[in-house]
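Inspection log for the structure reproduced underneath, given as C-alpha cells.
The values are calculated or read from the model by the stated rules, or taken from the named source; none is laboratory data. Because the structure is predicted, anything quoted here is derived from the model rather than measured. Cβ sites come from the backbone with ideal geometry, for glycine too, and all protein chains shown count toward neighbours.
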Amino acid sequence: MVAISKIATGNGHGEDSPYFDGWKAYETNPFHPIDRPDGVIQMGLAENQLCFNFIKKWVMEHPEASLCSAEGVNKFEETALFQDYHGMPEFREAVAKFMGKVRGDRVKFDPDRIVMSGGATGAHEMVAFCLADPGEAFLVPTPYYPGFDRDLRWRTGVELVPVVCESSNNFKITRAALEAAYEKAKEANLRVKGLLITNPSNPLGTILDRDTLKGIVKFINEKNIHLIGDEIYAATVFMEPEFVSISEIIEEVECNRGLIHIVYSLSKDMGFPGFRVGIVYSYNDAVVSCARKMSSFGLVSSQTQHLIATMLSDDDFVDSFIVESKEQLFKRHKYFTLSLSQVGIGSLKSNAGLFIWMDLRKLLKEKTFDAEMDLWRVIINEVKLNVSPGSSFHCDEPGWFRVCFANMDDNTMEVALLRITTFMHKHNEAMVPRKLCRRASLKLSLSRRRDDFMSQNMMSPHSPIPQSPLVRART
Amino acid sequence: MVSMSKIATGNGHGENSPYFDGWKAYETNPFHPIDRPDGVIQMGLAENQLCFEFIKKWLMEHPEASLCTAEGVNRFKETALFQDYHGMPEFRQAIAKFMGKVRGDRVKFDPDRIVMSGGATGAHEMVAFCLADPGEALLVPTPYYPGFDRDLRWRTGVELAPVICESSHNFQITRTAMEAAYEKAQEANLKVKGLVITNPSNPLGTIMDRETLKSIVQFINEKNIHLIGDEIYAATVFKDPEFVSISEVIQEVECNHDLIHIVYSLSKDMGFPGFRVGIVYSYNDAVVNCARKMSSYGLVSSQTQHLIATMLNDDDFIHNFIMESKEQLFKRHKYFTWSLSQVGIGSLKSNGGLFIWMDLRKLLKEKTFDAEMDLWRVIINEVKLNVSPGSSFHCHEPGWFRVCFANMDDNTMEVALSRIRSFILKNNESIVPRKLCRRSSLKLSLSRSLSRRMDDFMSPAGIMSPHSPLPQSPLVRART
C-alpha cells in the first residue's frame, strides 16, 4: 500500500460536483454540425469566442508579436531566458494600461503592483495562501463560481462561508446577508480573513451598483478583513449601466487600502484561457511582495508575455477591441434572451458576462434541488445541451441554470435555440390548461428568426403572452 | 494592523539565503562589456545559453511553430481557447519522445503520464502536495539546489531531512547515509514519505552510477517510500559515462513502480526557463490523476505547448540539438576547468550540468562556514563574480562553490577567467611561503600559461591535462 497525501486522496479537487458531470456528458458526445449533429451542445463553458477574427487580423499585421517570425526572432533568446518573477516590464505596463482602459480610464493601475499567476485559478489560490491560514475562512456571496471551492480551499486548507443572496431581491449582496454570514462563521469558530466578490458576477452576469460596492467596502473596512475583487469579466459589460470597479470605489470611500486586492485574467475578456495569463493586483505592498515570490509556481510563459505586451501596448487595437467585443456580446446576448423569452423562458436581467442566469423554476416538479437535478438531466439527455445547474453554484433556491452564449458560432446558437424551442413546445403542450389551447398563436410566434430580431421591430424581452402558464420573463 | 497568513509573513520563501544575496549584488551592478565592464559577472545562474543560434535557425525554417505567422494563425483560436489540463496530445507526445531520446531511446515514456506544471518549481511543489501531508518529510541528499527549501516546503508544510554526502566519497549517496538520515528523521518524529534525488546533480554536475541508483531504488522500495527523481539536467551530460535514468533502473531492479516519479523541465536542457515548461511524470496512476488536477494552478501556456510540440516532434532537430548541445557544453566545460587548473583551482570531476563544483577549501582562512562567507564576499566584491557558496546548498563542508559556465558568451568567459587569474596571482603572492619564493618561475609559468587562449585549447595537439602543471603548488590541488 503506497501512501500519498490526504490532499491527494480527498475530494478537494471538487470534480464530483455536477458542474463537471455536465462536462463529462458533453465530452462523450460533443456536438459537431456535420459529424455529430445530435451531440450535446456545450453551454456550460464560459468562453468568449466572438472576437477571434478581429484578433487574428491584428496578429497577421504584427509579426513582431511573435518570437518565431523574422521580425521577432531577435528577441527569442532573451525572452526564452527571461524567468524573473517580476515579469517583463512591458508586459506589466501593457496589462496595467489595459485594465485602466477597460475601466474607461477612470483609474490608473500601477505596473509594479501587477503580479503574475497560473491563470485566475492560480491567482485565487495564491491570494488565499497570502491572506489566510489553514482553517481560517473567506466569505463568498452565493451563487458563486464552483471553481472557488477548489481554488481557494483544496491545497490551502482555507474554508469558505457563503453569504446567501436571494432571488427575491435579484441576488443583491446586502449588508444583512454579509453580517449574517460573518456571525455564522464566528459561531462555527471560523476566523474570517476576507470577503471575495466576483464583479461582474459569475454566474449572474450582473454588475454591482455603486452603493452596494460602497457598502461592501465599508463592511470589510469595519471588520478589518480583506476584500478580494475578482474582476475577470470586467470587459464583458456590454450595456449600461457602466461597470464600477473596486479600484474606483476606494477613491471615494474611506478605507484601508492594505485590505484591497484584485484578481484578473485575460481568459474571459480576451478569450485566451489557454495562455494562462493570471494577474493579482494588490494595494498591499507586503502582499505584492509575497505574491510575487509565490508567482514562481505559476509564471506566465515569457513567450506569451511578449505576445500580450505587444498586443496590449497597441492603443488602437485595445480601444477597438473593447468596443468590438461589447458589440458582439450585446448582439448575441440580446438575440439569445429574446429568443428564450419567445418561448416563455426568462432570465435574470443582466448586462455582462458570457452567460445568462436562466429561470426555470416554473419547470420544476417541486421546489427542491432533487427536482432541479432531474430537470438538468432532462436538459442534458433529451434537449442535449450542457447547461450548469444552480446548485453547483451554491444557489440558495432551486430552478436556476447558467447558460453560456458566447462560446459558439451563430449556427450552433440556432441549433441550440431550436432544441430549446422544441422542448418548450412539447412541454407547453403537456402543461397548457384547456382554456389556453385556443392560443394557437403561441406556436406561430416561436418561428421568429434572427432576421426579424435585427429589424426595427425588436420585441421586448417580456413574454408576449402575459397569462402564459410558462415561466414569466424576468427583466 | 492588516493580518496576512503565516506563510506570507514567515521566511519560507527562502530568499534570505546567501544564494540570493549574490544575485542581488549582481543586479545592482551587472557586467556589460561596454556599459559596465567592471560589473559583476553572473556565474550563479544555471542557464544554458550555448545553443540559441541552432534553435533560431530551426525557428526561421518552421513558421508553423508560431500561432502568429501566416502558416500558424489558423490554429490561433483553438489554441488560445485550449485550457484542458490533460495538455495538448501533440505536446505530451513530443515531450515523451524527447525524454526518451535524451536517454538514448533506452526507455519509452508514455504521453499519458506526462503532467504539466509551472516550471520545475511548480512540479516539485505539486509532487510534495501529492505525496506528503504537512509535517511529513522528504529526504534530500546534500549538497542540493537551494530552491528545494522553498519549492518542497513553503506552502506545503512538508519538512526536508538532509542525507549527508561527504567530499571524502566525492559526495556519493551511500546506503549508510540514507539509513542515517532515515533514522534521524524517525527520532525527530518525522514521518518520511520520500527521497528526492537530482540526477545529474545540481550543484555537483556529476551523474549517479548504476550501482548507486540501484541501491537507492532498493532502499526506497524496502522503506516503502516514494522516490522523486529530478532529471532536469538529463540532456546536459556532455561526456561519458552515459546518463542512467531512474526510468531505466526500475526495469532492472525489483521495485513498486507506484513509488517512482520523475520531475522534468525544458529550462536547462533546452535553455527555455522563461517558457515555464515543467513536467511531472509518475508511474503511479493515482498521482498522475491528482497531479493533473493540480496542474490547473500552473498549466503550460497553450501558445508554448504548440511551439514545443512542433519543435520536439521534429526528429532531426532533436537528434542534432542533443548532439550540438553536448558538444558545446563539453568544450566550454573543458576550457573552463582547464583554465582554472592552470592557476591551481580544482573542481569535482564532472560530466554533466551547467556548472562546476569548485574546490576552494585551501583558500579558507579556517575550516568554517564563516570563513567560506568571508571568501565569498571577497569573490563578489573584489573579483566581481557571482558564484554560489556551498553552504547555500547545505554542503556539509565549507570551501566549495558552484560556478556556472554555460550562461555567457566566450568573451565574458575570458573576462571572468582573467579576473580569477588576477585574484589567484595576488593571493599567491601573499600566501606563498618563503622557500617557494625562488619559484619566480611560478609567476612566469603562470603568466605564460595565463595567456593561453581558447585557440590553443581548441587544437587537439595542445590540449593540456586538467591537472595542475605544478604538483607542489601551494594552491588548491586540482581534483580530477
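General observations
- Long-range neighbours under 6 Å by Cβ, at least six apart or interchain, first residue in contact (Cβ under 8 Å) with a residue 24 or more places away in the chain within the stretch B:54-79, second small (Gly, Ala, Ser) and assigned to a helix (DSSP H, G or I): B:79/A:274; B:79/B:302
- Residue match in the stretch B:30-37 (condition: surrounded by fewer than 20 Cβ atoms within 10 Å (Cβ to Cβ) and either at the interface with chain A (Cβ under 10 Å from one of its Cβ atoms) or under 16 Å from residue B:150 (Cβ atoms) (or both)): no
- Taking the criterion of being outside any helix (DSSP H, G or I), modelled with pLDDT of 95 or more and over 26 Å from residue B:322 (Cβ atoms), the residues of the stretch B:69-101 that qualify are B:82, B:83, B:84, B:85, B:86.
- Selected residue (only one of B:411, B:428, B:407 is outside the structural domain of residue B:45 (by the TED database) and either in contact (Cβ under 8 Å) with a residue 12 or more places away in the chain or not polar (S, T, N, Q) (or both)): B:428
- Checking B:378, B:387 one by one, the residue that is surrounded by fewer than 19 Cβ atoms within 10 Å (Cβ to Cβ) and either in contact with a Phe, Trp or Tyr (Cβ under 7 Å, 6 or more places away or on another chain) or not small (Gly, Ala, Ser) (or both) is B:378 and no other.
- Some residue of the stretch A:13-23 being more than 23 Å from the chain's Cα centre (by Cα) and either touching a residue at least 24 places away in the same chain (Cβ under 8 Å) or surrounded by fewer than 17 Cβ atoms within 10 Å (Cβ to Cβ) (or both): no
- Flag for residue A:206 being closer than 30 Å to residue A:320 by Cα, touching a Pro at 6+ places or on another chain (Cβ under 9 Å), surrounded by 24 or more Cβ atoms within 10 Å (Cβ to Cβ) and of a type in the set (Val, Ile, Thr): no
- Listed by first and then second residue, the pairs linking a residue in the stretch B:126-137 that is under 11 Å from residue A:8 (Cβ atoms) and facing chain A (nearest Cβ under 8 Å) to a residue that is surrounded by fewer than 24 Cβ atoms within 10 Å (Cβ to Cβ) and among the hydroxyl-bearing types (Ser, Thr, Tyr), with Cβ atoms under 6 Å apart and 6 or more places separating them unless they lie on different chains, are B:130/A:5; B:131/A:5; B:132/A:5; B:133/A:5.
- Counting residues in the stretch B:233-241 that are at the interface with another protein chain (Cβ under 9 Å from one of its Cβ atoms), in a helix (DSSP H, G or I), buried (at least 24 other Cβ atoms within 10 Å of the Cβ) and of a type in the set (Val, Ile, Thr) gives zero.
- Given (1) part of a helix (DSSP H, G or I); (2) within 14 Å of chain A (Cβ to nearest Cβ), number of the condition residue B:117 does not satisfy: (1)
- Residue A:159 vs. criteria surrounded by fewer than 22 Cβ atoms within 10 Å (Cβ to Cβ), free of Cβ contacts under 8 Å to residues at least 60 places away in the same chain and not assigned by the TED database to the domain that holds residue A:392: yes
- Test result for residue B:41, crowded, with 19+ Cβ neighbours inside 10 Å, touching a residue at least 40 places away in the same chain (Cβ under 8 Å) and within 8 Å of chain A (Cβ to nearest Cβ): no
- Every residue from the stretch B:290-313 that is assigned to a loop (DSSP other than H, G, I, E, B) and surrounded by 23 or more Cβ atoms within 10 Å (Cβ to Cβ): B:298, B:299, B:300, B:301
- Residue in the stretch B:304-314 that is at positive phi and within 14 Å of chain A (Cβ to nearest Cβ) present: no
- Out of A:280, A:287, sole residue that is surrounded by 24 or more Cβ atoms within 10 Å (Cβ to Cβ) and either part of a helix (DSSP H, G or I) or among the hydroxyl-bearing types (Ser, Thr, Tyr) (or both): A:287
- Helices (runs of 4 or more DSSP H) fully within the stretch A:1-66 that include at least 2 residues being basic (Lys, Arg): A:52-61.
- The set of residues from the stretch A:76-117 being closer than 21 Å to residue A:66 by Cβ and of a type in the set (Ser, Thr, Tyr) comprises just one member, A:79.
- The listed residue being out of contact with any Lys or Arg (no Cβ under 9 Å at 6 or more places or on another chain) and either facing another protein chain (nearest Cβ under 10 Å) or of a type in the set (D, E, K, R) (or both), out of B:15, B:64, B:78, B:47: B:78
- Odd one out for residue B:247 among (1) of a type in the set (Gly, Ala, Ser); (2) away from every other protein chain (no Cβ under 13 Å); (3) buried (at least 24 other Cβ atoms within 10 Å of the Cβ): (3)
- Selection within the stretch B:81-114: residues that are of a type in the set (A, V, I, L, M) and more than 14 Å from chain A (Cβ to nearest Cβ). The member of this set that is nearest to residue B:249 (Cα to Cα) is B:107.
Each row is one residue, and each column tells you yes or no for (1) buried (at least 20 other Cβ atoms within 10 Å of the Cβ); (2) hydrophobic (A, V, I, L, M, F, W, C); (3) within 22 Å of the chain's Cα centre (by Cα); (4) not in a helix (DSSP H, G or I).
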position: A:165; (1), (2), (3), (4): yes, yes, yes, yes
position: A:189; (1), (2), (3), (4): no, no, no, yes
position: A:195; (1), (2), (3), (4): yes, yes, yes, yes
position: A:201; (1), (2), (3), (4): yes, no, yes, yes
position: A:217; (1), (2), (3), (4): yes, yes, yes, no
position: A:220; (1), (2), (3), (4): yes, yes, no, no
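- Looking at A:358, A:373, just one residue is in a helix (DSSP H, G or I) and not assigned by the TED database to the domain that holds residue A:115, and that residue is A:373.
Yes or no, residue by residue, for (1) at pLDDT 50 or above; (2) in a loop (DSSP other than H, G, I, E, B); (3) of a type outside the set (Asp, Glu); (4) more than 30 Å from residue A:139 (Cα to Cα):
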position: A:408; (1), (2), (3), (4): yes, yes, yes, yes
position: A:415; (1), (2), (3), (4): yes, no, yes, yes
position: A:420; (1), (2), (3), (4): yes, no, yes, yes
position: A:424; (1), (2), (3), (4): yes, no, yes, yes
position: A:427; (1), (2), (3), (4): yes, no, yes, yes
position: A:430; (1), (2), (3), (4): yes, no, yes, yes
position: A:442; (1), (2), (3), (4): no, no, yes, yes
position: A:452; (1), (2), (3), (4): no, no, no, yes
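- Residue within the stretch B:250-258 that is more than 21 Å from residue B:90 (Cα to Cα), crowded, with 23+ Cβ neighbours inside 10 Å and facing another protein chain (nearest Cβ under 7 Å) present: no
- When residues of the stretch A:259-288 are limited to those that are hydroxyl-bearing (Ser, Thr, Tyr) and more than 9 Å from chain B (Cβ to nearest Cβ), the one nearest to residue B:68 (Cα to Cα): A:265
- Single residue of the stretch B:180-208 satisfying the filter (touching a residue at least 12 places away in the same chain (Cβ under 8 Å) and of a type in the set (D, E, K, R)) that is farthest from residue B:103 (Cα to Cα): B:184
- In the stretch B:120-156, the residue that is surrounded by the most Cβ atoms within 10 Å (Cβ to Cβ) out of those that are charged (D, E, K, R) and assigned to a helix (DSSP H, G or I) is B:125.
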